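Novice: Next up is a structure, given as structure tokens.
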Amino acid sequence: MRLCLRTCRSWVLALLLVSALGARGQIVPARFADLPVASPSLGQAQDDSRSLPPWLVSAVGAAAGPTDSFAVGNDSGVAVLSGNNTTGADGSAAAQSDPPPNAFTPIPHQKSPADNFQWKPALGQYSLEIAIQHAWRFAHEQGTRDATGYGPWFQDWIHSIGETRGWDDGDGWHAGFVGHPLNGAIYGFIERQNDPLYRKVEWGDGHIYWMSVMRSLSFAAIGSTQWTLGPVSEASLGNVQLHASPGFIDLVTTPGLGMIVMMGEDMLDRYVIIPLENHTANPWLILVARSLGNPARSFANLMAFKQGWHRETRPGIFGENHQRRKELVKEYKEGLISAPFGPHTSEERALMNKTVERLPSKEADIELNAYAVYESFLGGGSCVGGGGQGATRVNPALQVVAEVNGCMIINSMPKHQSGDSTMFAVGPRWTPRAAHRFSPFAEAMFGGRRITHDVQNDALRKQLLDEWNAGDLAHFPKRTDYQVEYQQFGFAMSMGGGIDAVFGRAFAWRVLDVQYTHSWVPPVDPINASQGMQVRTGLVLRIGTW
């Protein structure tokens, strides 16, 4: 039922749509990397002043020097811009030098309501993106169409949410570790392009860049959860969890690995695509490099009705922009100017970071922990899996923690049988040395635990699927048609502690976390999880210390 071609969907669709876009109405680029000019939305022209960072707009007119200024056309007339590029040919800041006396000096940007996150367009772009995915599902998955139209919609949706457990969802590695992360990166770029203070960040901008990644991660996590479990999701439209393996993998890999994809695209843009643009003005080569080199960014641009190759910090590639690019590249190759395109200057980065800076705390205000867990049940058996925690600080020595973890039974399971445990809890954590490099902690957590034992009839499953494909079954088979499920749920608690080793200001390694667990859950043959010992280790992201 799942869409398994999601890996290539984004950039293939981007190419198809990009090929139909018009190239007229673009503005002429500014000459230097510190005067970025963005290409307009589809079929629209754009004033240069709206494409510049706020602190540059107010400084350009007063600081333009007579020796390096040139005219830039826009809808309202001609603006005179000037600047000096000191970026090296490799697109890095290593070859930067001090600006000449006549170069303008950016002024600090004062935050205003216009800097707030733009929820309305962001939600519109996200809605368009998931609408395309659902359209693909309904067009290619007969089982999805049948499950959506058959049975009580609300009850099946809630049942699907309740069935979510374990790790795997049966989609295969290419969907779980390629397609879903690409989708998470699309969500991240949708967030960035609707976040005015962070819209123009680039790899290497420092603190503001990492703050942008965190904001994109939050948006991607919410978007992924909605796509998996929300009211317009795979759970509500198709009841995936009732027909396939109901794992948590999408909720983890989509936002988590999605940010790695997003950062990878940012690095490719800076270290590969920008140097390419400094050596060629060929619009089609730049189009292919920008679109295929940054597929997630390209798809997010299309969701905002912009060209897929659009860049917030660089000009377009056709029309008058193309002619100006040819002149700049020619002058650069002849040694008359330095690289015409490059990352933000050190002065720009300093001012960008100043808009979001705050006095860091030695104790993290918020901690996010992803960990691996091994649990040995004292009644026999063991399981291995992972989990996540979120902690908010009440005072320097006290946190409130919420967590969820799951594991798969790895022994005592006969063939064609499987078992898993899902545990969620909340409680206090004592952190007496939270401001030190090595920080011990102790905690007590209270919540619930669910133990599930599945017995699957593989022969019956194959038979039912064959009958469905042959048209002999009226409705797509559910897991309950070929699988028997035994399940118990009850109150659970855990007590324990461990130690964190802080490295840098943003991260810590939870070296060891040992927990005793007690669950008021009856045995689910052959699983007895009433008492157990968990050993955990993982990475902690510390927010508020940088």
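Novice: Under the condition of being out of contact with any Gly (no Cβ under 8 Å at 6 or more places or on another chain) and not hydroxyl-bearing (Ser, Thr, Tyr), which residue from segment 431-442 is surrounded by the most Cβ atoms within 10 Å (Cβ to Cβ)?
Specialist: Going through segment 431-442, the residues out of contact with any Gly (no Cβ under 8 Å at 6 or more places or on another chain) turn out to be 431-439.
Applying the additional criterion that residues be not hydroxyl-bearing (Ser, Thr, Tyr) yields 432-438.
Values: Pro432: 12, Arg433: 15, Ala434: 24, Ala435: 14, His436: 13, Arg437: 10, Phe438: 11.
So the residue we want is Ala434.
Novice: Limited to segment 165-182, what total is found for residues that are over 15 Å from the mean Cα position of the chain (by Cα), part of a helix (DSSP H, G or I) and surrounded by fewer than 20 Cβ atoms within 10 Å (Cβ to Cβ)?
Specialist: Here is the first cut: in segment 165-182, the residues over 15 Å from the mean Cα position of the chain (by Cα) are 165-175.
If we keep only those that are part of a helix (DSSP H, G or I) as well, we get 173-175.
Now drop any that are not surrounded by fewer than 20 Cβ atoms within 10 Å (Cβ to Cβ), which leaves 173-174.
Looking only at that region, the number is 2.
Novice: Restricting the first residue to segment 312-329 and requiring it to be closer than 24 Å to Ser298 by Cα, which pairs with a second residue that is among the acidic types (Asp, Glu) meet a Cβ separation below 7 Å and a spacing of at least six or different chains?
Specialist: Once the first residue is closer than 24 Å to Ser298 by Cα and sits in segment 312-329, its partners that are among the acidic types (Asp, Glu) give Thr313/Glu202.
Novice: Determine, yes or no, whether Gly504 is at pLDDT below 95, small (Gly, Ala, Ser) and over 30 Å from Gly143 (Cβ atoms). Before the answer, list the steps.
Specialist: Numbers: at pLDDT below 95: yes; small (Gly, Ala, Ser): yes; over 30 Å from Gly143 (Cβ atoms): yes.
So Gly504 fits the description; yes.
Novice: Exactly one of (1) in contact with a Ser or Thr (Cβ under 8 Å, 6 or more places away or on another chain); (2) at pLDDT 95 or above; (3) farther than 21 Å from Glu348 by Cα; (4) aliphatic (A, V, I, L, M) is unmet by Ala175. Its number?
Specialist: Every listed condition holds for Ala175 apart from (2).
Novice: Would you mind finding the one in Glu357, Glu363 that is among the charged types (D, E, K, R), touching a residue at least 12 places away in the same chain (Cβ under 8 Å), touching a Ser or Thr at 6+ places or on another chain (Cβ under 9 Å) and assigned to a loop (DSSP other than H, G, I, E, B)? First the steps, then the outcome.
Specialist: Details: Glu357 fails: touching a Ser or Thr at 6+ places or on another chain (Cβ under 9 Å).
Result: Glu363 is the single residue among Glu357, Glu363 that is among the charged types (D, E, K, R), touching a residue at least 12 places away in the same chain (Cβ under 8 Å), touching a Ser or Thr at 6+ places or on another chain (Cβ under 9 Å) and assigned to a loop (DSSP other than H, G, I, E, B).
Novice: Within segment 462-497, how many residues are within 20 Å of Ala244 (Cβ to Cβ), in contact with a strand residue (DSSP E or B) (Cβ under 7 Å, 6 or more places away or on another chain) and hydroxyl-bearing (Ser, Thr, Tyr)?
Specialist: 2
Novice: Next question, about the same structure. Listed residues Gly504, Gly490, Gly496; which is surrounded by 13 or more Cβ atoms within 10 Å (Cβ to Cβ) and either within 30 Å of Leu539 (Cβ to Cβ) or without any contact (Cβ under 8 Å) to a residue 40 or more places away in the chain (or both)?
Specialist: Values: Gly504 fails: surrounded by 13 or more Cβ atoms within 10 Å (Cβ to Cβ); Gly490 fails: either within 30 Å of Leu539 (Cβ to Cβ) or without any contact (Cβ under 8 Å) to a residue 40 or more places away in the chain (or both).
One residue alone meets the criteria, Gly496.
Novice: Turning to a different aspect of this structure: Is it the case that segment 243-262 has a residue that's β-branched (Val, Ile, Thr) and in contact with a His (Cβ under 6 Å, 6 or more places away or on another chain)? Quick ask: steps written out before the conclusion?
Specialist: Going residue by residue through segment 243-262, those that are β-branched (Val, Ile, Thr) are 249, 252-254, 260-261.
Filter once more, keeping what is in contact with a His (Cβ under 6 Å, 6 or more places away or on another chain): 253-254.
Within segment 243-262, one or more residues are β-branched (Val, Ile, Thr) and in contact with a His (Cβ under 6 Å, 6 or more places away or on another chain).
Novice: Of the numbered conditions (1) within 22 Å of Leu465 (Cα to Cα); (2) assigned to a helix (DSSP H, G or I); (3) at pLDDT below 95, Trp136 satisfies every one except a single condition; which is it?
Specialist: Just one mismatch for Trp136, condition (3).
Novice: Separate question: Among residues belonging to segment 443-462 that are crowded, with 21+ Cβ neighbours inside 10 Å and among the basic types (Lys, Arg), point out the one that is farthest from Val524 (Cα to Cα).
Specialist: Step one: of segment 443-462, the residues crowded, with 21+ Cβ neighbours inside 10 Å are 443, 445, 449-452.
Narrowing the set further to residues that are among the basic types (Lys, Arg) leaves 449-450.
Numbers: Arg449: 12, Arg450: 10 Å.
The qualifying residue farthest from Val524 (Cα to Cα) is Arg449.
Novice: Kindly indicate which of Leu251, Leu268 is over 26 Å from Ser418 (Cβ atoms) and without any contact (Cβ under 8 Å) to a residue 40 or more places away in the chain. I'd like the intermediate steps shown before the answer.
Specialist: Numbers: Leu251 fails: over 26 Å from Ser418 (Cβ atoms).
The conditions single out Leu268.
Novice: Now a separate question. Of the conditions (1) closer than 28 Å to Glu265 by Cα; (2) assigned to a helix (DSSP H, G or I), Asp156 fails just one. Which one is it?
Specialist: (1)
Novice: Restrict the check to segment 183-202 and report whether at least one residue is assigned to a loop (DSSP other than H, G, I, E, B), in contact with a helix residue (DSSP H, G or I) (Cβ under 9 Å, 6 or more places away or on another chain) and over 24 Å from Lys120 (Cβ atoms). Quick ask: steps written out before the conclusion?
Specialist: Here is the first cut: in segment 183-202, the residues assigned to a loop (DSSP other than H, G, I, E, B) are 194-195, 199-202.
Add one more test, that the residue is in contact with a helix residue (DSSP H, G or I) (Cβ under 9 Å, 6 or more places away or on another chain), and what stays is 194-195, 199-202.
Those left that are additionally over 24 Å from Lys120 (Cβ atoms): 202.
Checked against the condition, which is being assigned to a loop (DSSP other than H, G, I, E, B), in contact with a helix residue (DSSP H, G or I) (Cβ under 9 Å, 6 or more places away or on another chain) and over 24 Å from Lys120 (Cβ atoms), segment 183-202 yields at least one hit.
Novice: Filter segment 432-454 for residues that are under 15 Å from Val540 (Cα atoms) and among the charged types (D, E, K, R) and give the result.
Specialist: Arg437
Novice: So, of the residues in segment 382-422 that are surrounded by fewer than 22 Cβ atoms within 10 Å (Cβ to Cβ) and of a type in the set (Ser, Thr, Tyr), which turns out to be nearest to the chain's Cα centre (by Cα)?
Specialist: Taking the candidates together, the pick is Thr392.
Novice: Determine whether segment 207-220 contains at least one residue that is surrounded by fewer than 15 Cβ atoms within 10 Å (Cβ to Cβ) and not in a helix (DSSP H, G or I).
Specialist: Scanning segment 207-220, I find no residue that is surrounded by fewer than 15 Cβ atoms within 10 Å (Cβ to Cβ) and not in a helix (DSSP H, G or I), so the answer is no.
Novice: Does Gln534 qualify as being at pLDDT 90 or above, under 27 Å from Ala402 (Cβ atoms) and not charged (D, E, K, R)? Lay out the reasoning, then the answer.
Specialist: On the way: at pLDDT 90 or above: yes; under 27 Å from Ala402 (Cβ atoms): yes; not charged (D, E, K, R): yes.
Here the answer is yes, as Gln534 does meet what is asked.
The values are calculated or read from the model by the stated rules, or taken from the named source; none is laboratory data. It should be emphasised that the depicted structure is a prediction, and the values quoted were computed from it without experimental measurement. Note that each Cβ is placed from the backbone with ideal geometry, even for glycine, and that neighbours are counted across all protein chains shown.
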